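Encoded as structure tokens, the structure appears first; notes follow it.
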Amino acid sequence: MLRTRFAPSPTGYLHVGNAFSALFCQQWAEMHHAQLLLRIEDIDSNRCRPEFSTALIEDLQWLGLRWHGDIRYQGEYLDAYRQALAQLRQLQVIYPCFCTRRDIQQETARAALAPHSEDGIAHYPGTCRRLSSSEQQDRQQTGQPFAWRIDIGQALQLTGPLNWLDENGQRHAVSDSLNDAVIGRKDIGFSYHLAVVVDDAAQGISHVIRGNDLRASTGLHRLLQALLKLPTPVYIHHPLLCDVHGERLSKRNHAPSLRDIRTSGGSADTLRHMLLTGGIPTPPIWRGLASVSK
Ligand code: GLU
């Protein structure tokens, strides 16, 4: 059985960009006679709020999204993420990182040519990867807060060369120049990257469908799957909905929320039609939506 999922984070009201993503998943599922599951990615207790979870379910129902089975809330599976982190520790492919944001900025400024990820974020300069195990222990014992980072070089040595498959059947190699990303956050204990691979496997997801902004993370997800001996889905990254200036629609640039459109009398049918037939990511959609929300 083919299975995909829509996995929003309840950090605010869903906006039209999220609606496009949800409908893209639904349309793919209908075309392929696949199941569409809904997962609420609410592990970030600093940013996620239960009222936004409730709101997003109502808004998706209004939009006409239909999902299969029960909703999975990440907050109910924290033990599974802790176990996955423990497995990575046993494999010795993660290391404690004591750097503050400021330490990292200073270090990357010093190494002016430090590599950047596809998403433009400067790579972690590797400061704590070079700590000896006694230094690591000493600092842990003093109670200094730390995150867990993956040692990409070490991890790839263990797994051997890896690749992942996109929707066109094209293979992408997992590069050894990936960033040593945070797998266990200082504040909540684990990261989105770890939770997402654990959940996709637990839910039997055959096709991950998500926005192009997450494409740069797929190599890391493939690597985590190999380390944790989890199956690898096919990845489909859809284009992001943009505004008239070509900027990605997001909360920050005031993309209209489904709630705004709904409470101001907008029609879900019109919105759905525009998002699915408008051709993306072209400005006319945005103009059309602005009139829907009025
Ligand atoms: N929760 C993520 C978001 O809202 C999506 C994660 C994914 O689809 O892998 O951007």
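The values are calculated or read from the model by the stated rules, or taken from the named source; none is laboratory data. Everything quoted here is computed from the prediction, not taken from an experiment. Every residue, glycine as well, gets a Cβ built from its backbone with ideal geometry; the counts of neighbours run over all protein chains shown.
Contact map, the range 83-104: residues that are without any contact (Cβ under 8 Å) to a residue 12 or more places away in the chain paired with residues that are part of a helix (DSSP H, G or I), Cβ distance under 9 Å, separation 6+ or inter-chain. Pairs shown: GLN83/VAL198. Restricting the range 1-27 to residues that are assigned to a helix (DSSP H, G or I) and more than 13 Å from the ligand (Cβ to nearest atom) leaves a set whose member that is modelled with the lowest pLDDT is VAL16. For the range 28-46, the candidate set comprises residues that are within 14 Å of the ligand (Cβ to nearest atom) and in a loop (DSSP other than H, G, I, E, B); within that set, the residue that is surrounded by the most Cβ atoms within 10 Å (Cβ to Cβ) is ILE43. Among strands (runs of 3 or more DSSP E) entirely within the range 134-236, having at least 1 residues that are away from the ligand (no atom under 13 Å from the Cβ) singles out 147-150, 163-165, 171-173, 182-184.
Taking the listed residues ARG82, ARG49, the one that is more than 28 Å from ALA226 (Cα to Cα), surrounded by fewer than 18 Cβ atoms within 10 Å (Cβ to Cβ) and away from the ligand (no atom under 13 Å from the Cβ) is ARG49, with no other qualifying.
For the range 210-241, how many residues meet the condition of being over 22 Å from PRO161 (Cβ atoms) and β-branched (Val, Ile, Thr)? Matching residues across the range 210-241 total 1. Condition check: farther than 19 Å from TYR235 by Cβ and surrounded by 16 or more Cβ atoms within 10 Å (Cβ to Cβ). Does VAL197 satisfy that? The answer is no for VAL197. In the set (1) touching a helix residue (DSSP H, G or I) at 6+ places or on another chain (Cβ under 8 Å); (2) surrounded by 17 or more Cβ atoms within 10 Å (Cβ to Cβ); (3) not acidic (Asp, Glu), ARG222 fails one condition alone, (1).
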